[in-house]
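S.K.: I have a structure I would like to understand better, so I am pasting it below and will then ask my questions one at a time.
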Amino acid sequence: MPQISINSPVGALTIFEFDDQIVSLDWGFVEEMETSPVLDEAKAQINAYFAKKLHRFDLPLAPGGTAFQAAVWAAIRDIPLGQTATYQELARAAGSPKGFRAVGMACGKNPIPILIPCHRVLATGGKPGGYSGDGGLETKEMLLKLEGIDLYHPVKDQRQDTFNL
């Protein structure tokens, strides 16, 4: 399986590709790399993201998972840079207002963090909640801060919810 590692502000990242689609992003570095055009583009986009020059990833993603997980991950990709959503908002958009725990579970199983920006999903009241990425909440807070979101000095959100589940 082709894979490429890069250094980032949140540590070493390794991106995995299968059939010209990104299937996983893990923390850590691999010695043996086998690149591809898709992985080269992923590396370029991730570097642009961390340089604050990219606002939305445009990569072929194939995270696998259940139909519900795929729907949640697609909705998470629709959360714009610099904005957040709650687990409850995503559950409501899925037509299951009490399904916020299931949304949280889907976030925890996201195999492609950062590219599927589950760090933008917060608990009710703007609390960071969990994060399955390396470094846990510290990494989530770092990614949010990079995107201009200060959890401790929030600005009133003027967005309209536009999640497509």
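The values are calculated or read from the model by the stated rules, or taken from the named source; none is laboratory data. Everything numeric in this text was worked out from a predicted model, so none of it was measured. In this analysis, Cβ positions are derived from the backbone assuming ideal geometry, glycine residues included, and neighbour counts consider all displayed protein chains. Ligands, DNA and RNA are stripped out before the accessible areas are found, and what is left, the full protein with its side chains, is counted by its heavy atoms. Shrake-Rupley method; radii C 1.70, N 1.55, O 1.52, S 1.80 Å.
S.K.: Say we look at the stretch 86-140 and pick out the residues that are under 15 Å from PRO63 (Cβ atoms) and polar (S, T, N, Q); which of these is most open to solvent (accessible area, probe 1.4 Å)?
M.R.: In this case the residue turns out to be SER132.
S.K.: Which residues, taken from the stretch 17-53, are of a type in the set (D, E, K, R), part of a loop (DSSP other than H, G, I, E, B) and out of contact with any helix residue (DSSP H, G or I) (no Cβ under 6 Å at 6 or more places or on another chain)?
M.R.: ASP19, GLU31, GLU32, LYS52, LYS53
S.K.: Is the stretch 72-79 home to any residue that is in contact (Cβ under 8 Å) with a residue 12 or more places away in the chain, out of contact with any helix residue (DSSP H, G or I) (no Cβ under 6 Å at 6 or more places or on another chain) and open to solvent by 50 Å² or more (accessible area, probe 1.4 Å)?
M.R.: yes
S.K.: OK, next. Please go through the stretch 124-149 and give me each residue that is at pLDDT 85 or above, of a type in the set (Asp, Glu) and either farther than 17 Å from ASP78 by Cα or in contact with a strand residue (DSSP E or B) (Cβ under 9 Å, 6 or more places away or on another chain) (or both), ordered by number.
M.R.: GLU138, GLU141
S.K.: Select from the stretch 62-93 the residues that are of a type in the set (A, V, I, L, M, F, W, C) and touching a Lys or Arg at 6+ places or on another chain (Cβ under 8 Å) and write down the one among them that is farthest from VAL38 (Cα to Cα).
M.R.: Ranking the qualifying residues of the stretch 62-93, first place goes to ALA91.
S.K.: Kindly check whether there is at least one residue in the stretch 80-93 that is more than 17 Å from the chain's Cα centre (by Cα), closer than 29 Å to MET1 by Cα and touching a residue at least 24 places away in the same chain (Cβ under 8 Å).
M.R.: Checking the stretch 80-93: not a single residue is more than 17 Å from the chain's Cα centre (by Cα), closer than 29 Å to MET1 by Cα and touching a residue at least 24 places away in the same chain (Cβ under 8 Å).
S.K.: Is it fair to say THR66 is under 25 Å from ARG101 (Cβ atoms), polar (S, T, N, Q) and either over 15 Å from the mean Cα position of the chain (by Cα) or open to solvent by 50 Å² or more (accessible area, probe 1.4 Å) (or both)? Reasoning before the result, please.
M.R.: Working: under 25 Å from ARG101 (Cβ atoms): yes; polar (S, T, N, Q): yes; either over 15 Å from the mean Cα position of the chain (by Cα) or open to solvent by 50 Å² or more (accessible area, probe 1.4 Å) (or both): yes.
In short, yes.
S.K.: Also, I was wondering about something else. For the stretch 109-123, check the following and say yes or no: at least one residue is modelled with pLDDT under 90, assigned to a loop (DSSP other than H, G, I, E, B), of a type in the set (Gly, Ala, Ser) and touching a Ser or Thr at 6+ places or on another chain (Cβ under 9 Å).
M.R.: So far as the stretch 109-123 goes, yes, one or more of its residues are modelled with pLDDT under 90, assigned to a loop (DSSP other than H, G, I, E, B), of a type in the set (Gly, Ala, Ser) and touching a Ser or Thr at 6+ places or on another chain (Cβ under 9 Å).
S.K.: Tell me which residues, restricted to the stretch 35-51, are open to solvent by 70 Å² or more (accessible area, probe 1.4 Å) and in contact with a strand residue (DSSP E or B) (Cβ under 6 Å, 6 or more places away or on another chain).
M.R.: Residues satisfying the conditions are THR35, LYS43.
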